Amino acid sequence: MAERPVTHGDLLKVTVTTPVEAEEAVAALVERLFRQSPALYTNEETLITEISVFLDPKSGFNARQRARLEAGLRRLKAMDVPVGRWRLKTTLLPHRNWAEAWKRHFKPLAIGDALLVKPTWSRRLALPGQAEVLLDPGLSFGTGHHPTTAFCLEQVVACRAAGASVLDIGTGSGILAIAAAKLGYSPVEAFDFDPEALKVAKANADLNGVRRQVRIERRDLRRLPVSAARPFDLVCANLLANLLIEQAARIASRVATGGTLVLAGILATEFNDVARAYGERGWELVADRHVKEWRSGAFRRA
């Protein structure tokens, strides 16, 4: 039987199956390679975990990426990470089915009494006075459940103040910018270099009725002016550690005097290097969170 041709809206599910003891290390590897928070599903009887990312079937996974992923898994095994007899499989999910597959992974997330993030299919109601963010799965899966995104959301809630402004660098699904708009920040700006992420972010902003309140653009952080023309009260940068270090001057210049800089997306083993790069520029760590292999921090000028 001939394979069904790929159509618009289809997704390629790339899954690594490994013992639950290795899920943290394998999930970190997958996220670093694909710059996407993977979905994890553990069979409670076999204690086998499926670690999955959802990609564009036409361009999201090629022979080179497969080779890099397999090489990374072999390195983990050589480092005595208990990956066992890991398996790598790919599955084409038709548009009508892939969102259904995500329902078991994406549950409502509350950030105190201030914010509720939930998928469109959830019937959970927000508390009185609790801002609500609705999200649909897309090619950028920023649902708030990943420790780094959750920390950013907590800081967006903690730093809100009348007239405060926000810049979201590497917006992904747009979740931080949308949450900021729902919480009353203004102006709210966000950018990403990935065109697919921008499509998802704009669609999510439309879904939440904040498209006019959030300015979402495609920008390359490395090509921005080193000094910002207009700083923001809160800047969130959920990026890879090497980019946070290399572009520390550009990122820091976008924070207003007295403002807060939130840095996330950092492996715990790399956090001290990131903190040192900003400490040398006069930034002091005022809050941080270490969850599994991830560590995130909030900084203010000393």
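What strands (runs of 3 or more DSSP E) lie completely within region 197-302 and have 2 or more residues being farther than 30 Å from E132 by Cβ and more than 17 Å from the chain's Cα centre (by Cα)? Break it down into steps so the answer makes sense when it comes.
Values: elements: 214-218, 232-238, 255-267, 283-291, 294-301.
Result: 283-291.
Under the condition of being out of contact with any helix residue (DSSP H, G or I) (no Cβ under 9 Å at 6 or more places or on another chain) and under 25 Å from L198 (Cβ atoms), which residue from region 123-153 is modelled with the highest pLDDT? Full working, then the answer.
The first filter runs over region 123-153 and keeps only residues out of contact with any helix residue (DSSP H, G or I) (no Cβ under 9 Å at 6 or more places or on another chain), leaving 123-130, 145, 147-148, 150-151.
Within this subset, residues satisfying the condition of being under 25 Å from L198 (Cβ atoms) are 145, 147-148, 150-151.
Details: H145: 70, P147: 79, T148: 84, A150: 90, F151: 94.
Residue satisfying both the conditions and the ranking: F151.
Select from region 19-68 the residues that are over 27 Å from P94 (Cβ atoms) and free of Cβ contacts under 8 Å to residues at least 24 places away in the same chain and list them in ascending order.
Correct list: E44, E45, T46, A67.
Looking only at region 252-302, which residues are in contact (Cβ under 8 Å) with a residue 40 or more places away in the chain, farther than 20 Å from P225 by Cβ and hydrophobic (A, V, I, L, M, F, W, C)?
V262, A264, I266, L267, A287, V291, W294, A298, listed by residue number.
Within region 103-118, restricting attention to residues that are at pLDDT below 85 and either surrounded by 15 or more Cβ atoms within 10 Å (Cβ to Cβ) or touching a His at 6+ places or on another chain (Cβ under 6 Å) (or both), which residue is farthest from C159 (Cα to Cα)? Can you show your working first?
Restricting attention to region 103-118, the residues satisfying the condition of being at pLDDT below 85 are 103-107.
Those still in the list that are either surrounded by 15 or more Cβ atoms within 10 Å (Cβ to Cβ) or touching a His at 6+ places or on another chain (Cβ under 6 Å) (or both) too: 105-106.
Values: H105: 29, F106: 26 Å.
Ranking the candidates gives H105 first.
What are the residue pairs meeting all of these: first residue in region 222-251, first residue assigned by TED's automatic domain parsing to the domain that holds T148 and touching a residue at least 12 places away in the same chain (Cβ under 8 Å), second residue assigned to a loop (DSSP other than H, G, I, E, B) and among the β-branched types (V, I, T), Cβ atoms under 8 Å, and 6 or more apart or on different chains?
Here the result reads A249/V226; R250/V226, each pair linking region 222-251 to a residue that is assigned to a loop (DSSP other than H, G, I, E, B) and among the β-branched types (V, I, T).
The values are calculated or read from the model by the stated rules, or taken from the named source; none is laboratory data. Model, not experiment: these values are computed from the prediction. Ideal geometry is used to build each Cβ from the backbone, glycine not excepted, and the neighbour counts take in all protein chains shown.
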